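Notes for the one structure printed next.
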Amino acid sequence: MDLTMLLDMAAGGFPDRTVVGTREEGLTAGALQGAARKGAALIAESDATCVVHLAVNGPAFPVALFAAATAGVPFVPVNYRLGAEQLGALLANHTGACVVAEGREVPGARRSYTPDEWLAATRAPSPAARDEAAEPGRTSPAAVIIYTSGTTSAPKGVVLRHDNLVSYVIGSVEFGSAEADEAALMCVPPYHIAAVSNVLTNLYAGRRLVVLDTFSPKRWLETVRAERITNAMVVPTMLARLMEDRAAERSVPTLRALAYGGAAMPPRVIERALKEWPHVGFVNAYGLTETSSTISVLGPDDHRRALVSEEPGERARLHSAGRPIPGIEIEIRDGDGAPALPGTSGRVWVRGAQVSGKYAGVASENTDGWFDTRDLGRLDREGFLFVEGRQDDTIIRGAENIAPAEIEDVLLRQPGVADAVVVGVPDEEWGQRIEAAVVPSRGALLDGEVLRAEVRRRLRGSKTPDRIVVWDEIPRTATGKVLRHEVRSELSR
């Protein structure tokens, strides 16, 4: 199984349906197939070893993705926000590439295009026949190499094979299931797994995909209305801004489903969104790059039941990551590697055909098919997963392990707190001390000592931050993940 199979099915099943772009200007499934084949011929002519995408999201992205698959070389979407030194180190792993980049030179590239040049070249008359390109997936089993965000360490190249990605798509989406009028809005950067999975799943469903290269509440809402968007995906910071923008006209009459993920969702944000848009089905999707995207889902009915439930356990599920999707097994293991009892916290392990767990240049991290996500979490008796943060983020104060997520949850529930992060800072006496940064909601005034007292009341003294500072903004990636090393560095000064 390879990615071109998905494109061939779409081009055969609904060739004239627009699957990429706006209603006025977009690529049909048939045109996307033709562009991918032409692009594969260009890749083969240049004898490129991979395709590097170094630009904002747009129509050039899916064409490059499927052209690479058709040519049988890996597709490598790269963070265009990286500095020169970090970018240079990363690109040194991919010499001999065919490059799609905007205003960036890539040393050692076999051929380079701007996104517009790439689209023009692949839309040229007489697209290449399939047999002019390499047999898809045969030259390299690696379909996509995505570099992790590097929030706590240097980025690593996650290798996703064709069978990983195809297994995810087939296991989570029904072919051709979208109505002809359905359209999805994506506003995550192209170097994130959600960008790749959105292209694949929406194409397979037959849903038109619209890309917003930069996010603002006003622009997102206007695009939803203008393009009659039915499905969308946001990260928690985006949903928070949508809910907090008082000037925005928030009507979204065509929107039917809104997925969110990538980082922890503040409780008050999702609760407000459910009340603001009662006609929308909300989906919390939890996954990793190493798992080809989503591995567990909290669906619309789960959201609605939890919101109105008076039973504490069911109410708490509103802030869970839901249950595993078909084909996925999730297990919580304790410090000795043994399966943990329901309700007990431990490391989240996952197994399934879509799980890669392999990094470029290093051995696979799968153990008998199981992959250690390094996330902490617990499963309740009904199988709902509660993610409690990264193992790497754990604060060790004295001999006690403290999860920042628990403290952050208390802070985010306080009036006037729009954002919060808790980290461990080096301390001579305790090994680490707890410090926090909070961001006030518009017009709110926050007092660090008042917040400390509330944490002490809700938790206990050993989990109370030694200091809470007020910042204008917490550093995050484009997909909402906190850059904890930057927070830690700033608080350590």
Margin query: Being under 18 Å from R378 (Cβ atoms) and without any contact (Cβ under 8 Å) to a residue 40 or more places away in the chain is the filter here; which residues of segment 279-301 pass it?
Written below: N284, V297
Next item on the list: Return a yes/no flag: does segment 174-184 have any residue that is without any contact (Cβ under 8 Å) to a residue 60 or more places away in the chain and either among the β-branched types (V, I, T) or not assigned by TED's automatic domain parsing to the domain that holds V20 (or both).
Entry: no
Item checked: Selection count, segment 329-361, where residues are in contact (Cβ under 8 Å) with a residue 60 or more places away in the chain, in a loop (DSSP other than H, G, I, E, B) and either surrounded by fewer than 12 Cβ atoms within 10 Å (Cβ to Cβ) or not polar (S, T, N, Q) (or both) -> 7
Notebook entry, point to check: Is there a residue in segment 28-51 that is in a strand (DSSP E or B), in contact (Cβ under 8 Å) with a residue 12 or more places away in the chain, in contact with a Lys or Arg (Cβ under 9 Å, 6 or more places away or on another chain) and more than 20 Å from V144 (Cβ to Cβ)?
Noted result: yes
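Let's see how each residue does on (1) outside the structural domain of G377 (by TED's automatic domain parsing); (2) of a type in the set (F, W, Y); (3) in contact with a strand residue (DSSP E or B) (Cβ under 6 Å, 6 or more places away or on another chain):
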position: V283; (1), (2), (3): yes, no, yes
position: T294; (1), (2), (3): no, no, yes
position: V297; (1), (2), (3): no, no, yes
position: R305; (1), (2), (3): no, no, no
position: P312; (1), (2), (3): no, no, no
position: P326; (1), (2), (3): no, no, no
position: I330; (1), (2), (3): no, no, yes
Checklist line | Whichever residue in segment 472-485 is closer than 16 Å to A418 by Cβ and surrounded by fewer than 18 Cβ atoms within 10 Å (Cβ to Cβ) and, among such residues, is farthest from the chain's Cα centre (by Cα) | finding: D472
Checklist line | segment 409-434, residues that are under 27 Å from the mean Cα position of the chain (by Cα) and either surrounded by fewer than 14 Cβ atoms within 10 Å (Cβ to Cβ) or part of a strand (DSSP E or B) (or both) | finding: V417, A418, D419, A420, V421, V422, V423, G424
Notebook entry, point to check: Which residue, of R488, R457, is more than 23 Å from the chain's Cα centre (by Cα), within 30 Å of I193 (Cα to Cα) and in a helix (DSSP H, G or I)?
Noted result: R488
Notebook entry, point to check: Can you spot a residue in segment 303-317 that is in a strand (DSSP E or B) and loosely packed, with under 14 Cβ neighbours inside 10 Å?
Noted result: no
Note to self: Yes or no: segment 61-82 includes at least one residue that is surrounded by fewer than 18 Cβ atoms within 10 Å (Cβ to Cβ), touching a residue at least 12 places away in the same chain (Cβ under 8 Å) and assigned to a helix (DSSP H, G or I).
What the structure shows: no
Check: Can D16 be described as in contact with a Gly (Cβ under 7 Å, 6 or more places away or on another chain) and either at pLDDT 95 or above or in a helix (DSSP H, G or I) (or both)?
Finding: yes
Next item on the list: For residues that are under 26 Å from I295 (Cα atoms) and modelled with pLDDT under 90, scanning just segment 375-401, find the one that is surrounded by the most Cβ atoms within 10 Å (Cβ to Cβ).
Entry: D393
Next item on the list: Give me a count of the residues in segment 85-129 that are assigned to a helix (DSSP H, G or I) and either surrounded by fewer than 17 Cβ atoms within 10 Å (Cβ to Cβ) or modelled with pLDDT of 90 or more (or both).
Entry: 15
Next item on the list: Would you tally the residues in segment 311-348 being among the polar types (S, T, N, Q) and farther than 19 Å from D392 by Cβ?
Entry: 2
Next item on the list: Filter segment 395-408 for residues that are assigned to a strand (DSSP E or B), touching a residue at least 40 places away in the same chain (Cβ under 8 Å) and under 28 Å from the mean Cα position of the chain (by Cα) and give the result.
Entry: I402
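The values are calculated or read from the model by the stated rules, or taken from the named source; none is laboratory data. Here the structure is a predicted model, which is why all the values come from computation and not from measurement. Cβ sites come from the backbone with ideal geometry, for glycine too, and all protein chains shown count toward neighbours.
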